[in-house]
Structure formats: C-alpha cells, structure tokens
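Working notes, structure below.
The values are calculated or read from the model by the stated rules, or taken from the named source; none is laboratory data. Bear in mind the structure is a predicted one, so any value in this text is a computation, not a measurement. Here Cβ is always computed from backbone atoms with ideal geometry, including for glycine, and neighbour counts include all displayed protein chains.
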Amino acid sequence: MKSNIFEKLGVDGSVFLDERHLYPDFVPEKLLHRDREIEGLARIFNLLVKGRKPHNVFITGPTGVGKTTVARFVLSEAEEFTERVKSLYLNCFEFNSRHSVLSGITNFLGRASPRRGIATDEIYTSMLESLSKAAFSPIIVLDEADQLFVSSEGQKLLYDLLRVTEFGKNSFCLVLVSNNESLAFSLDERVRSSLGEETIRFSPYSPEQLKDIFRERVGLAFLPSSVEEEVIGFVAAKCALLGGDCRIGIETLLKAGREAEKHGLRKVSLVHAKKAFESVEGASLLKGVKYLSAAEKTILSIVAKNGEIKSGRVFELFSGSFSQGMSERRLRDLLNGLEKKGFLLSEQIILGNQGKTRSFKCMVPAGLLLKEISKN
C-alpha cells in the first residue's frame, strides 16, 4: 500500500500551542507598555464616538514599536463600543495613488468603485455623495503614509480628504502612520495648515519591555516549558540593538519554533533562536529595499560594491552616479538613516592631523543586496 508523504512528517510533536499569536496581523487583547499611546488615541476617537468633530492624527515612531498594532487595537475597541464609528485601514505601499485611495474609501462607504477605468475626480464626487449618506463616521488610516505624500498627486489627495467636511455633514477622521517624524513638515504649506493634527509619538521599546512582550507571546503561542528562558533574553537584546523592533523578535520566535519542529525537538533552544534571527533580520532588510528612495539605493549599491568605504569616497562616487545634486550634509543624513534602518554599520576612523571620518560596510550580503536593488 502506497504511503503518504505526510505520514512520514507526522502530526504530533509540535512545540506550539497556537502559533497564530506570532503572526504579523495578530492583535493581543492587552498591549504591554503602550498605555499612554492607547489613551491618547482613544481620547481623540472619543470625540467621534460622541458625535463631535475630531482632530486628525499623526502617529510616528521607529519601525516595529507598535504604531499599527495600537491603531488597530483602539479602532477595534471603538467599533465594538458603538456603531457610530467604522474604520478603514489602507497601506500606502498597496494603495499608492490618489485614485486607488479614493476608490478604496468609496467602496468602504458602500458604493462600488473600480480602481481603474473611471476618472479620479468622478470617484471623489462619488465618495462625497456616499459620505453624506453614511450612517456612521469614518476613520481612515493611511499606514506608511510617507510613501504616498512624496508626490504632488499624493499631497492633492491629502488636501481632498481634508476638505471632506466642507461638503458633508458627517465627521471624518484621518490617521496618518509613518516612521518619518518630519513628514508633516514636508507637506505643502496649504495642506499642512489644513491638517490640524495631533501627534502621537512612539518611543522604541527598552530591552526589559521587549522581554515582557516576548514572554507574553511565548506564553500564548508555545506549549509550557517548550522555550528556553535564555531564548527570550537573546531575542530581546538583538531587537533592542535594532532600535526596539518588536516585529523582528516575534517573527524570530515563530521561525525558531518551526526550526525546532523541523528537527523533531520538543524545546526551542538558543541555537534555534540564533539561526532564526539571522534569517529574519536579513529577509526583513531585503524586503525593505523596495521602500528606499533612489538616492538611498544608490548609496547602498556603492557601499555594497566596495566592501568597506569611507564617507568621503561615498560622496565622490555618489556625485558621479546620481544626477541630482546633493550636499555632503544631506548625504551624511542619508548614511545615518541607512545605519539606523540596519542596512549599514559605521566605524569612526581617526586621521591624525586631518581629523576623523567614518567607514561604512553593508549588513546584508552584497550579492543579495545588489540583486534586490536591481529588481526595484
């Protein structure tokens, strides 16, 4: 009798109780170490709950510090509390044009609107009509908003949305989520003056806070005593070095558990965690390449091709390959930004009487990085 390949793999022996608690879209019932941010956002949305006009909101902070999770959590609580409020979440990497965002909002308001084949201004009119008839107050969340508003078309969209209340009786709240704290300052003056937003800033998690979060997730996702205690400390320390990025740690725990299972083991050890972290960190950085600006990609290509290179030489090569003029100060800002994002590592070099400089090297294998840059 023919055996099934899944019989060889077996169905028992898992270290997981419920691994869904480690999935990116999971929102815990209680969010640790974010009480201030939750209360601040709830206070703003409470104006809508009471039928009053709210402030718009700008949520900012580094990657992986809970911005999107907190927004989803508070919105879920608001919708559970009252039917007066409904929310729409749009990620601007997917909804990256004025047309697609307006179409998404119109569909959310109950009127079918294709993302192609209809004029953008016509969709805007349709959205306004739908809003005036809606039995609820919408909260529109634009995550990764900086990807949309770098263009004049994106800024026109923002101005469109800010003018919504001029045309309808319904209250309308706009939530912008971005890692870029200076996003509001980069907007057109007319748009900025209309935004009238309250800003909620998220600070990086501390190593101890990360331990608390990971320990709670381990308790939810894994069987009792199936994860060695030192695994939590290791993952927390690594994520703290990356600026308190909680998402990388949670994905590391998931992959470490699967690594243990692959070898038929009932306990997740430090060896599994180290292997998983290297995989997650590299993959996370490579996925982030497509979100970098053209200038940032050019800088990364220069560093990757040279192995280790001083900042002055980066400027020389950059000036020769990038047609858009840029000051050395701006280049230093970009290098610092790429280091904060984990793509580069710098080392200070003393040049004696000539002062000092910095050398840079890539934190991702050059071949993989250059391949990813060429695809984007």
Inset, instruction - Can you work out which of the residues in region 76-131 that are under 18 Å from Asp143 (Cβ atoms) and among the polar types (S, T, N, Q) is farthest from the chain's Cα centre (by Cα)? - result: Asn107
Legend entry - Sole residue being at pLDDT below 95, farther than 30 Å from Glu216 by Cβ and either out of contact with any helix residue (DSSP H, G or I) (no Cβ under 7 Å at 6 or more places or on another chain) or among the charged types (D, E, K, R) (or both), chosen from Ala283, Ala304, Ala294: Ala294
Inset, instruction - Confirm whether Arg34 is in contact (Cβ under 8 Å) with a residue 24 or more places away in the chain and within 28 Å of Tyr291 (Cβ to Cβ). - result: yes
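Tell me which residues, restricted to region 103-125, are part of a helix (DSSP H, G or I), within 15 Å of Leu157 (Cα to Cα) and of a type outside the set (D, E, K, R). Spell out the reasoning first.
Keep residues of region 103-125 that are part of a helix (DSSP H, G or I), which gives 103-108, 120-125.
Subset that is within 15 Å of Leu157 (Cα to Cα): 103-106, 120-125.
Matches in region 103-125: Ser103, Gly104, Ile105, Thr106, Thr120, Ile123, Tyr124, Thr125.
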Legend entry - Failed item, numbered, when Ser269 is tested on (1) touching a strand residue (DSSP E or B) at 6+ places or on another chain (Cβ under 8 Å); (2) modelled with pLDDT of 80 or more: (1)
Inset, instruction - Look at region 63-104 and say how many of its residues are touching a strand residue (DSSP E or B) at 6+ places or on another chain (Cβ under 8 Å) and among the acidic types (Asp, Glu). - result: 1
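Inside region 131-143, can you point out the residues that are part of a helix (DSSP H, G or I) and either at pLDDT 90 or above or in contact with a Phe, Trp or Tyr (Cβ under 9 Å, 6 or more places away or on another chain) (or both)?
Initial filter on region 131-143 (part of a helix (DSSP H, G or I)): 131-133.
Across region 131-143, the qualifying residues are Leu131, Ser132.
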Inset, instruction - Could you tell me whether region 185-205 includes any residue that is of a type in the set (Asp, Glu), touching a helix residue (DSSP H, G or I) at 6+ places or on another chain (Cβ under 9 Å), closer than 25 Å to Val15 by Cβ and not assigned by TED's automatic domain parsing to the domain that holds Phe343? - result: no
Inset, instruction - Could you tell me whether region 15-34 includes any residue that is surrounded by 15 or more Cβ atoms within 10 Å (Cβ to Cβ), more than 30 Å from Lys262 (Cα to Cα), at pLDDT 95 or above and touching a strand residue (DSSP E or B) at 6+ places or on another chain (Cβ under 7 Å)? - result: no
Legend entry - Answer residue from region 236-266, given it is part of a loop (DSSP other than H, G, I, E, B) and under 20 Å from Glu281 (Cα atoms) and is modelled with the highest pLDDT among those: Asp245
Inset, instruction - Please work out which residue is nearest to Ala276 (Cα to Cα), limiting yourself to region 199-235 and to residues that are charged (D, E, K, R) and not in a helix (DSSP H, G or I). - result: Glu228
Legend entry - Odd one out for Glu328 among (1) surrounded by 15 or more Cβ atoms within 10 Å (Cβ to Cβ); (2) touching a Ser or Thr at 6+ places or on another chain (Cβ under 9 Å): (1)
Legend entry - Test: Lys67 is under 25 Å from Gly337 (Cα atoms) and crowded, with 17+ Cβ neighbours inside 10 Å: yes
Legend entry - Hits in region 330-359 - residues which are among the basic types (Lys, Arg), modelled with pLDDT of 80 or more and closer than 25 Å to Leu285 by Cα: Arg330, Arg332, Arg358
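Here is a yes/no grid of residues against (1) in contact (Cβ under 8 Å) with a residue 60 or more places away in the chain; (2) surrounded by 13 or more Cβ atoms within 10 Å (Cβ to Cβ); (3) within 27 Å of Asp245 (Cα to Cα):
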| residue | (1), (2), (3) |
| --- | --- |
| Glu308 | no, no, yes |
| Ile349 | no, no, no |
| Lys361 | no, yes, yes |
| Ile373 | yes, yes, yes |
